[in-house]
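Below is one structure; the comments refer to it alone.
The values are calculated or read from the model by the stated rules, or taken from the named source; none is laboratory data. Quick caveat, the model's predicted, so the values are computed rather than measured. Every residue, glycine as well, gets a Cβ built from its backbone with ideal geometry; the counts of neighbours run over all protein chains shown. To get the accessible areas, we keep the full protein, side chains included, count just its heavy atoms, and leave off ligands, DNA and RNA. Shrake-Rupley method; radii C 1.70, N 1.55, O 1.52, S 1.80 Å.
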Amino acid sequence: MDSEHWRAVVTAAQAGDRRALDELVAGWLPLVYNIVGRALNGHADVDDVVQETMLRAVGNLGSLRDPDSFRSWLVAIAMRQIRDRARRKTPDRLEEAPASDFADLTVLRLQLEGQRREVAEAVRWLDDEDRQLLSLWWLEVAGELTRRELAAAVGITRQHAAVRVQRMKERLETSRGIVRALDGACPELREVTGRWDGRPDSVWRKRLARHIRGCGYCGGTRETVVPAERLLVGIALVPLPVGFTLSLAFGGKTAAAATSAGWSAKLLGALTKPAVAMTAGATIVAGGAYVVTQPPDAPPPRAAIAPTATATSEPPRTSAPAAPTPRSSPSATKKTDPYGTVVDAVDRAPDADTPPAALPRRPESGITSTGGPKAVMQHRGDRVTLTGRGYVLVRWQISPASRPGALVMPSWTGLKGRLFHVASGGSRRMDDPLPGAPNGYATGMGGPGIGYAVLPPGTQQMWQNEYFYLDGTVTLTQNERGCDYGLIVFPTDRDAVVEDIGQGPPQGAIRYGLVRDTGTDSAPVPQYVTRETPADPATVTQRSRV
């Protein structure tokens with residue numbers, strides 16, 4: 001996340017800016033939810049601990065001296081609440097089962113397959129202390145936390161943190177072996193587990209580990225075991241569940257009591273003003289109740305299931321708040337009028353027999369590319385800068401057979417001029433069925449045999465070929481972090497676009513292409529585009545009005 005942006009947001013929230021406070025809560029709530037959810041493995045207390053964490057963070061925001069340390073400060077608060085909850089547990093609550101197993105939630109919501117699924121399920125076998133540490137280490141490996149922040153949150157030195165993490169990883173690897181063995185068909189293991197009640201704990205972890213060490217069947221690896229840290233790189237945060245509610249209404253305190261507890265007058269005023277502000281799918285309302293909702297035009301929530309060839313034509317939305325909108329840098333003094341239409345809604349694929357509309361004609365003088373006539377971008381950080389006036393083709397190649405999971409979209413940065421999303425082609429959308437479904441695929445997004453590529457909520461389903469019109473200059477960056485994918489970028493022309501999108505079902509294609517261009521400034525612009533040049537292009541938010 002952009003540290004300069006968040007420093008400004010924290011400072012504004014400390015000064016009583018209600019919108020900044022709204023943005024702060026919306027932006028960091030998913031991180032807190034993931035830390036607490038994984039540490040408590042989805043226990044019924046997760047919501048209470050998350051709420052208490054955010055309540056304390058908001059209530060003590062004025063005491064934070066360095067806005068740059070907000071993230072580590074917030075994570076430390078979360079860990080203190082987790083430990084306090086553990087100390088408050090009474091004997092009659094020790095045996096409570098999780099209200100919603102976070103391992104299952106992680107697998108389902110992030111569509112994890114293979115060894116990634118194995119790691120998520122192995123978490124059940126860890127002790128509370130290891131699970132708390134894993135909740136931070138998981139996010140460190142995924143790029144959401146630093147080792148310094150991990151150590152500070154646990155309250156130990158970085159050297160001690162390295163030792164603790166190494167020991168936890170060893171127990172995690174043992175637990176992964178148990179998950180693999182239980183998925184197998186060892187007859188001796190069935191005898192060993194005959195008296196097991198099916199609930200993971202440390203006693204059975206040791207018993208099963210002893211069996212695996214002495215069993216040729218369970219101990220033999222039938223595939224290369226990838227280290228957990230390599231599997232976790234780039235895994236997205238688990239989205240907040242639909243209907244998740246966070247109340248910041250002082251935790252039942254009166255305004256006077258809240259003031260005596262250290263709430264600043266400006267902050268109290270911001271929380272108690274009878275107003276409603278919408279940001280990133282979250283609402284802060286009168287009395288300080290903060291409710292995460294679905295956007296007004298969102299479809300009814302659906303169960304988190306693996307997509308199929310028939311279920312992926314319109315990806316489900318979740319209630320996870322979108323990343324906060326980046327703000328213009330202080331040096332940006334020139335204001336540019338917004339143009340283009342908002343396309344941040346999932347569109348339906350046209351019928352296979354629906355020819356495209358006529359593509360408006362725009363002036364062309366040609367596009368130059370730093371990647372040459374054919375730029376191939378297969379790794380995170382690969383980029384190409386395009387300059388000129390004309391059309392650009394971005395061809396998608398998704399490879400869940402190599403690595404399935406959450407797909408981090410490419411982004412357009414440093415835009416000078418105007419950029420439009422004008423057409424989609426290539427004879428199919430990436431979620432169209434593949435003839436013959438080769439090598440475990442069902443669609444271009446993957447299949448049950450290899451796993452699926454999963455788009456961020458609300459992201460447009462891309463087609464094999466996506467066409468854009470540029471009048472100016474812009475940089476396109478490949479942000480691969482979860483699912484493996486590649487992009488091929490070609491400067492092209494209008495005639496080639498028309499020929500591609502006109503390739504329809506009579507020629508054996510899945511469907512005709514789709515024209516998005518209106519020929520005017522009301523034409524849609526790409527998602528994930530900004531005029532700024534962030535240090536990490538993967539932080540560009542999903543917005544379509546520049």
Q) For residue 52, which of the numbered conditions (1) open to solvent by less than 20 Å² (accessible area, probe 1.4 Å); (2) of a type outside the set (Ser, Thr, Tyr); (3) within 30 Å of residue 87 (Cβ to Cβ); (4) touching a residue at least 40 places away in the same chain (Cβ under 8 Å) fails to hold? A) (1)
Q: For residues that are open to solvent by 50 Å² or more (accessible area, probe 1.4 Å) and under 19 Å from residue 69 (Cα atoms), tally how many sit in region 144-164.
A: 7
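For region 401-446, give me each residue that is of a type in the set (Ser, Thr, Tyr) and either in contact with a Phe, Trp or Tyr (Cβ under 6 Å, 6 or more places away or on another chain) or surrounded by fewer than 18 Cβ atoms within 10 Å (Cβ to Cβ) (or both).
Start the filter on region 401-446 by keeping residues that are of a type in the set (Ser, Thr, Tyr), which leaves 402, 411, 413, 424, 427, 441, 443.
Those that are of a type in the set (Ser, Thr, Tyr) and either in contact with a Phe, Trp or Tyr (Cβ under 6 Å, 6 or more places away or on another chain) or surrounded by fewer than 18 Cβ atoms within 10 Å (Cβ to Cβ) (or both): 402, 411, 424.
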**Q.** Members of region 472-505 that are open to solvent by less than 10 Å² (accessible area, probe 1.4 Å) and in a loop (DSSP other than H, G, I, E, B)
**A.** 478, 479, 482, 483, 504
Q.
I'm checking my understanding of the structure. Among residues of region 447-459 that are of a type outside the set (A, V, I, L, M, F, W, C) and open to solvent by less than 30 Å² (accessible area, probe 1.4 Å), which one is farthest from residue 483 (Cα to Cα)?
A. 458
**Q.** Residues of region 506-546 that turn out to be in a loop (DSSP other than H, G, I, E, B), closer than 25 Å to residue 6 by Cα and open to solvent by 30 Å² or more (accessible area, probe 1.4 Å), as a count
**A.** 9
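Within 25 Å of the chain's Cα centre (by Cα) and modelled with pLDDT under 90: which single residue out of 24, 61 fits that description? Break it down stepwise before answering.
Numbers: 61 fails: within 25 Å of the chain's Cα centre (by Cα).
None of the other options fit; the residue is 24.
In region 182-224, which residue that is assigned to a helix (DSSP H, G or I) and of a type in the set (Gly, Ala, Ser) is farthest from residue 127 (Cα to Cα)? Give the steps one after another, and end with the answer.
Kept after step one, since they are assigned to a helix (DSSP H, G or I), are these residues of region 182-224: 182-183, 187-195, 202-214, 216-219.
Narrowing the set further to residues that are of a type in the set (Gly, Ala, Ser) leaves 194, 202, 209, 214, 216, 219.
On the way: 194: 23, 202: 7, 209: 15, 214: 24, 216: 27, 219: 23 Å.
Here the residue is 216.
Considering only region 165-189, state which residues are among the polar types (S, T, N, Q) and surrounded by fewer than 18 Cβ atoms within 10 Å (Cβ to Cβ).
Initially, region 165-189 is screened for residues among the polar types (S, T, N, Q), giving 166, 174-175.
Within region 165-189, just 166 meets the criteria.
State yes or no: is residue 162 within 22 Å of residue 215 (Cα to Cα), assigned to a helix (DSSP H, G or I) and either modelled with pLDDT of 80 or more or not aromatic (Phe, Trp, Tyr) (or both)?
Values: within 22 Å of residue 215 (Cα to Cα): no; assigned to a helix (DSSP H, G or I): yes; either modelled with pLDDT of 80 or more or not aromatic (Phe, Trp, Tyr) (or both): yes.
The answer is no for residue 162.
Out of curiosity, is residue 365 among the hydroxyl-bearing types (Ser, Thr, Tyr) and either surrounded by 21 or more Cβ atoms within 10 Å (Cβ to Cβ) or modelled with pLDDT under 90 (or both)? Before you say what the answer is, go through the steps one by one.
Details: among the hydroxyl-bearing types (Ser, Thr, Tyr): yes; either surrounded by 21 or more Cβ atoms within 10 Å (Cβ to Cβ) or modelled with pLDDT under 90 (or both): no.
In short, no.
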